[in-house]
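Throughout, read-outs are computed from the coordinates displayed, never taken from laboratory work. In this text the structure is predicted, and so the values were computed from the model without any measurement. Virtual Cβ from ideal backbone geometry, glycine too; neighbours counted across all protein chains shown.
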């Protein structure tokens, strides 16, 4: 069973009492098992001083020896049945290729226990790991899952991501679905839609477009698009979900 958690950089305190408490929370969540540390890029800042990732790893290790390894080292297990049994801590990843690698590793079952430290601006990473049922170690809470009809609409967006969602048919589909669901009193919140998009199997590059359109439409921007779906698409989606969730009718045995 996968165990996922994350901490926002904004909730990662400065050295002191709060830092010790946060490290204790992490240690408790790790259940005393020594973790592996992975970083995106270099562990050094531009001026040669330890990066935020290196400092965070040092505090979490709490005096124990540790090594910062490139996240790309884990790519070797893709396409195999290999699993990383030790807890894995991924520190402030930000490149699309690293985010998609992490997504594949988790969703394909290669990583069992994962803690991710999320950058200040890591909205996509935060909403993805929330979509996978991760607990926020600062609050101890999990984000709510998407409503079934929203998840179904997000699945329709994912079906269009092969050619990208920033323009063309992909954009037409995303914008129309957002408009229709907003008209039906669903919340036009970019984080909610991103969690649904990721839960439906969306990737990071296309998630950026989904979040951007949701934010812009919420702020009143009008996007010129072509109609992709019939006028009754919301009713069709709700019926599809209801039919899928309803129990199969009993078949009478022939006497």
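Suppose the chain between residue 245 and residue 108 were pulled fully straight at 0.36 nm per residue; how much longer would it get relative to their current alpha carbon spacing?
Details: separation 137, 0.36 × 137 = 49.32 nm, distance 2.58 nm.
Answer, rounded to one decimal: 46.7 nm.
Which residues does the label zone of residue 31 cover in the range 66-89, counting backbone N under 14 Å from a point 7 Å along Cα→Cβ?
85-88
On a 0 to 90 degree scale, rounded to 10, what angle separates helix 148-159 from the longest Cα axis of the chain?
Roughly 80 degrees between the two axes.
Over the alpha-carbon set of the range 148-245, work out the extent along each principal axis and list the three values in angstrom, largest first.
If we take the Cα atoms of the range 148-245, the spans are 32, 25, 22 Å.
Tell me, 172, 245, 100 in order of fewest to most beta-carbon neighbours within 10 Å? Display every interim value, and only then the final one.
Working: 172 19, 245 8, 100 14.
With the fewest neighbours first, 172, 245, 100 line up as 245, 100, 172.
Principal axis lengths of the range 3-142 from Cα atoms, whole Å, largest first?
Result for the range 3-142: principal-axis Cα extents of 43, 36, 29 Å.
Based solely on its DSSP helices, what 222 nm [θ] is calculated for the chain when runs of n ≥ 4 H residues each add -39,500 (n - 2.57) and the sum is averaged over all residues, nearest 500 deg cm²/dmol?
Values: 9 runs with 111 residues, N = 255.
So the helix-based figure for the chain works out to -13500 deg cm²/dmol.
Report, to the nearest 10°, how far helix 190-199 tilts away from the longest principal axis of the Cα atoms in the chain, using its own Cα long axis and a range of 0 to 90°.
The helix 190-199 is inclined about 90 degrees to the chain.
Output the Cα-based Rg and Dmax of the range 131-173 in Å, rounding Rg to one decimal and Dmax to a whole number.
Rg then Dmax for the range 131-173, in Å: 14.4, 41.
Taking the beta-carbon count within 10 Å as an exposure proxy, list 12, 29 from fewest neighbours to most. Display every interim value, and only then the final one.
On the way: 12 19, 29 16.
Least crowded to most crowded, the residues run 29, 12.
Express in nm, to one decimal, how much length is gained between residue 69 and residue 215 on full extension, taking 0.36 nm for each residue of separation and deducting their alpha carbon distance.
Numbers: separation 146, 0.36 × 146 = 52.56 nm, distance 3.55 nm.
Fully extending the segment from residue 69 to residue 215 adds 49.0 nm.
What percentages, rounded to whole numbers, describe P(r) for the range 102-151 computed over all alpha carbon pairs with 5 Å bin width beginning at zero?
Cα pair-distance distribution for the range 102-151, in percent: 4, 18, 26, 27, 17, 8, 0.
Regarding the range 182-223, what are the three Cα extents along the principal axes, ordered largest first, in Å?
27, 19, 13
Summarise the long-distance tail of P(r) for the range 125-197 by giving the % of C-alpha pairs beyond 14 Å. Don't skip to the end; give the middle numbers.
Numbers: 1629 of 2628 pairs.
Looking at the range 125-197, the distances longer than 14 Å represent 62 percent of pairs.
Restricting the count to DSSP beta bridges whose residues both fall in the range 3-142, what percent are antiparallel, rounded to a multiple of 5? Before the final figure, lay out the partial values.
Working: 3 of 23 bridges.
Expressed as a percentage, antiparallel bridges in the range 3-142 total about 15.
Can you sort 159, 152 by how many other beta carbons sit within 10 Å, fewest first? List each step's numbers first, then the result.
Working: 159 12, 152 19.
Exposure proxy ranking, most exposed first: 159, 152.
Rg and Dmax in Å for the chain, alpha carbons only: what are they?
Answer for the chain, Rg first and Dmax second: 21.0, 84 Å.
What FRET efficiency comes out for residue 230 versus residue 208 if R0 is 30 angstrom and r is the Cβ-Cβ distance? Round to the nearest 0.05.
Working: r = 28 Å, r/R0 = 0.93.
So the FRET efficiency works out to roughly 0.60.
Can you compute the modelled spin-label distance between residue 82 and residue 2, with each label point 7 Å from Cα toward Cβ, in nm?
1.9
Run through all the Cα pairs of the range 59-200 and give the fraction in each 10 Å bin from 0, expressed as whole percent.
Spelled out bin by bin, the range 59-200 gives 10, 35, 34, 16, 5, 1 percent.
Out of all DSSP beta bridges in the chain, what portion is antiparallel? Express it as a percent rounded to 5.
Numbers: 3 of 23 bridges.
Bridges in the chain are about 15 percent antiparallel.
Hey, with R₀ at 25 Å, roughly what FRET efficiency would residue 187 and residue 97 work out to, going by the Cβ-Cβ distance, to 0.05? Walk me through the intermediate numbers first.
Numbers: r = 31 Å, r/R0 = 1.26.
About 0.20, to the nearest 0.05.
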